Amino acid sequence: MKSFAKALVSAAAITAAFNAAPLQADPKAEVLHYWTSGGEAKAVKALQEAFSARGGEWVDAPVAGGGGDAQAAVLRARVLAGDPPAAVQIKGPNIQEWAEAGALADLSGVASAQNWDGVLPETIQNIVKYEGKYVAVPVNVHRVDWIWANPEVLAKVGAGVPTTWDEFNATADKLLAAGIIPLAHGGQPWQDATVFETVVLGIGGVDFYRKALVDLDMDALGSDTMVSVFDQMRKMRGYVDPDFPGRDWNLATAMVMRGEAAMQIMGDWAKGEFAAAGKVPGKDYICASTPSENGYLLNSDSFAMFNVKGDDLVAGQNLLAELILGTEFQETFNLFKGSIPARTDVPRTEFDDCAIKSMDDMVSAAEGGTLLGSMAHEIAQAGAVRGAFIDIATAHFNSDMSSQDAVEKLVKAIKLAQ
Ligand code: GAL
């Protein structure tokens with residue numbers, strides 16, 4: 001992607017235009033995102049409303065498809081056509097790549113006016129800064145390694161939410177024997193990879209996750225531990241219902257909500273669905289981290305402002321950036337979305353127990369060195385390497401491939417992808 005984007009843009013002139021947007025411009029912004037599920041749509045609507053309330057003209061550009069791969073393809077095509085949207089939902093290393101190509105505007109003006117350095121954790125700053133400058137505005141922190149469970153369904157087999165993978169399997173076997181779907185799952189590659197990375201963390205531990213999925217250590221990738229990971233994934237293939245292929249993630253969440261299945265493994269955007277349906281944590285559903293020592297798999301959504309011409313568009317980008325990291329919006333958006341605020345000084349009063357747990361666990365993980373970027377959600381990896389992990393995880397999940405074969409294919413695929 002680098003050379004393609006580099007060939008297309010010249011940063012300096014437009015960046016200058018960005019900061020100097022005349023105040024009388026009418027803010028306008030086309031916003032490219034992939035938030036179309038119940039909770040997601042409510043959250044992005046809050047941004048649209050905040051923007052309109054400040055006189056902004058919002059041009060909505062949603063691209064359906066959880067995980068964002070479809071949206072990324074649209075973005076590349078738009079940039080190729082020389083018509084980038086003003087604001088784009090984007091994450092992790094992709095931000096660095098677009099910035100390196102000179103495609104992104106410098107948000108330093110808004111960032112210093114709102115003291116982003118003072119309210120954002122270093123982990124998040126590192127994701128949205130390029131060469132020391134803010135090139136994207138973070139909107140949240142999503143935790144990936146969650147189990148969402150229906151307590152009533154689990155009670156049917158006398159079980160609580162499992163805290164080890166052995167307990168997970170034992171409970172799932174009981175549920176199966178009782179004719180209950182143990183694991184609600186959507187058969188899409190990014191969802192298979194989401195489950196896969198929580199199993200890597202749980203079976204291998206924090207150091208193993210870091211070695212294998214972050215550092216791409218070949219010994220770790222080709223190890224017996226990785227064989228055990230695929231063994232666990234094979235078991236979990238037996239815990240999903242026959243209709244799982246192609247199912248959207250939020251429909252799997254709805255199965256747990258309706259008591260048609262006991263559990264789902266998914267990031268806390270799932271909580272946005274429970275919240276949108278008025279469900280109460282601890283009563284209608286339970287949130288618990290997937291079995292692991294004490295890891296925390298971080299995902300964080302941001303908006304990058306692509307270089308565009310026109311005072312109204314530049315004013316729109318300024319206003320969006322200011323709104324997104326305002327304390328009021330940080331609370332409103334994240335209550336709808338199921339995530340926690342990116343900024344650390346938002347009052348906790350309105351947030352539920354799941355959010356408080358995520359906030360506390362993130363702080364202790366950061367302090368304890370067990371905070372890890374999600375591979376499946378483009379924080380630890382992106383592009384071809386992420387693609388290789390997803391391809392093997394989903395090929396194994398949807399076939400009778402042996403764990404040993406999966407490991408050999410994974411090592412080969414990661415070598416090729418680098
Ligand atoms: C993630 C994104 C989340 C959530 C999820 C499902 O990649 O970061 O905000 O929307 O996909 O679409």
note = If we keep only residues of the range 258-302 that are within 16 Å of the ligand (Cβ to nearest atom) and in a loop (DSSP other than H, G, I, E, B), then the residue nearest to A170 (Cα to Cα) is M266
key: Where G102 falls short, out of the listed (1) open to solvent by 10 Å² or more (accessible area, probe 1.4 Å); (2) touching a residue at least 40 places away in the same chain (Cβ under 8 Å); (3) at positive phi; (4) within 16 Å of the ligand (Cβ to nearest atom)   = (4)
message = Any residue that is within 15 Å of the ligand (Cβ to nearest atom) and open to solvent by less than 40 Å² (accessible area, probe 1.4 Å) - is there at least one of those in the range 235-249?
response = yes
key: Residue, farthest from P291 (Cα to Cα), within the range 147-172, restricted to residues that are in a loop (DSSP other than H, G, I, E, B) and among the hydrophobic types (A, V, I, L, M, F, W, C)   = V157
ask   = Tell me, which residue of the range 56-77 that is under 20 Å from L107 (Cβ atoms) and outside any strand (DSSP E or B) is farthest from the ligand (Cβ to nearest atom)?
value = G56
task = Find all pairs meeting these conditions: Cβ atoms under 8 angstrom apart; at least six residues apart or on different chains; first residue within the range 152-174 and surrounded by 14 or more Cβ atoms within 10 Å (Cβ to Cβ); second residue among the basic types (K, R) and assigned to a helix (DSSP H, G or I).
result = V157/K174; A159/K174; N169/K235; A172/K235
query = Can you tell me which residues in the range 222-257 are within 17 Å of N398 (Cα to Cα) and assigned to a loop (DSSP other than H, G, I, E, B)?
reply = G238, Y239, V240, D241, P242, D243, F244, G246, R247, D248
inquiry  = Looking only at helices (runs of 4 or more DSSP H) that lie completely in the range 303-418, which have at least 2 residues being farther than 28 Å from A99 by Cβ and open to solvent by 50 Å² or more (accessible area, probe 1.4 Å)?
reply    = 327-337, 353-368, 403-417
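The values are calculated or read from the model by the stated rules, or taken from the named source; none is laboratory data. Worth saying up front: this structure is predicted, and the values here are computed from it rather than measured. Quick reminder, even Gly has a Cβ in these numbers, built from the backbone with ideal geometry, and neighbours come from all protein chains shown. Heavy atoms of the whole protein, side chains included, go into the accessibility calculation; ligands, DNA and RNA do not. Shrake-Rupley method; radii C 1.70, N 1.55, O 1.52, S 1.80 Å.
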